[in-house]
Amino acid sequence: MKFKDVVAISGMGGLYEMVKQRPNGMLVRPLGGTKTQLVSNRIHTFSPLDKISIYTSNDTVELKEVMRTIFKADIEEGKPPIAHKSGSSELKRYFRTILEDYDEERVYVSDIKKVIKWYNLLKEHDIINLEDEPEEGEEEE
């Protein structure tokens with residue numbers, strides 16, 4: 001499974017693998033699960049992780065790059081991410097070490113918690129690594 005196949009679904013906890021799109025929704029499977037289910041697009045909103053970005057002072061940074069930075073700190077430097085249930089000030093301080101110029105006014109503590117939870121899920125299922133597949137546009141250059 002690739003990073004681009006992973007989606008977050010509003011109203012449903014965790015992350016899901018996108019199996020197939022339908023006109024009335026999407027067939028998804030929980031990460032690590034085997035049971036496929038149809039989720040209606042009338043009730044839920046689908047957010048592919050490769051389309052999510054984090055606000056910075058000047059622009060945005062793709063979630064994939066933030067995940068790679070956390071992975072690098074975790075694996076290479078031996079600094080695992082902070083627990084997502086930590087206090088607000090600790091979470092902000094940790095996120096500042098990962099993404100120095102993140103916009104504190106537009107990136108809420110709840111967003112930081114989600115990023116850390118998602119990182120742990122992706123790492124558990126071996127979906128994120130430093131040698132991730134190149135983007136289609138990068139191969140042509």
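The values are calculated or read from the model by the stated rules, or taken from the named source; none is laboratory data. For clarity, every value in this text was computed on a predicted model and none was experimentally measured. Cβ coordinates were reconstructed from backbone atoms using ideal geometry, including for glycine residues, and neighbour counts include every protein chain displayed.
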**Test: Y94 is more than 16 Å from the chain's Cα centre (by Cα) and assigned by TED's automatic domain parsing to the domain that holds K72** = yes
**Asked** So, of the residues in segment 104-124 that are under 12 Å from P81 (Cα atoms) and of a type in the set (V, I, T), which turns out to be surrounded by the fewest Cβ atoms within 10 Å (Cβ to Cβ)?
**Response** I116
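Name the residue, out of L38, L15, that is over 14 Å from the mean Cα position of the chain (by Cα) and assigned to a strand (DSSP E or B). Break it down stepwise before answering.
Values: L15 fails: over 14 Å from the mean Cα position of the chain (by Cα).
The unique qualifying residue is L38.
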**Request:** For segment 44-64, enumerate the residues that are in a loop (DSSP other than H, G, I, E, B) and under 20 Å from E124 (Cβ atoms).
**Result:** I52
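Please work out if V7 is modelled with pLDDT of 95 or more and more than 27 Å from D101 (Cα to Cα).
Working: modelled with pLDDT of 95 or more: yes; more than 27 Å from D101 (Cα to Cα): no.
The answer is no for V7.
Looking only at helices (runs of 4 or more DSSP H) that lie completely in segment 65-141, which have at least 2 residues being at pLDDT 85 or above? Even if it seems obvious, please write down each step before you answer.
Details: elements: 88-98, 109-124, 136-140.
In segment 65-141, 88-98, 109-124 are the helices (runs of 4 or more DSSP H) which contain 2 or more residues that are at pLDDT 85 or above.
If I go through segment 13-31 residue by residue, how many of them are touching an Asp or Glu at 6+ places or on another chain (Cβ under 8 Å) and either over 13 Å from K2 (Cα atoms) or polar (S, T, N, Q) (or both)? Walk me through how you get there before you give the answer.
Narrowing segment 13-31 to residues touching an Asp or Glu at 6+ places or on another chain (Cβ under 8 Å): 17-18, 28-31.
If we keep only those that are either over 13 Å from K2 (Cα atoms) or polar (S, T, N, Q) (or both) too, we end up with 28-30.
Residues that pass the stated criteria total 3.
Is it the case that segment 62-72 has a residue that's outside the structural domain of I116 (by TED's automatic domain parsing), surrounded by 15 or more Cβ atoms within 10 Å (Cβ to Cβ) and among the hydrophobic types (A, V, I, L, M, F, W, C)? Even if it seems obvious, please write down each step before you answer.
So the first thing to find is which residues in segment 62-72 are outside the structural domain of I116 (by TED's automatic domain parsing), and the list is none.
Checking segment 62-72: not a single residue is outside the structural domain of I116 (by TED's automatic domain parsing), surrounded by 15 or more Cβ atoms within 10 Å (Cβ to Cβ) and among the hydrophobic types (A, V, I, L, M, F, W, C).
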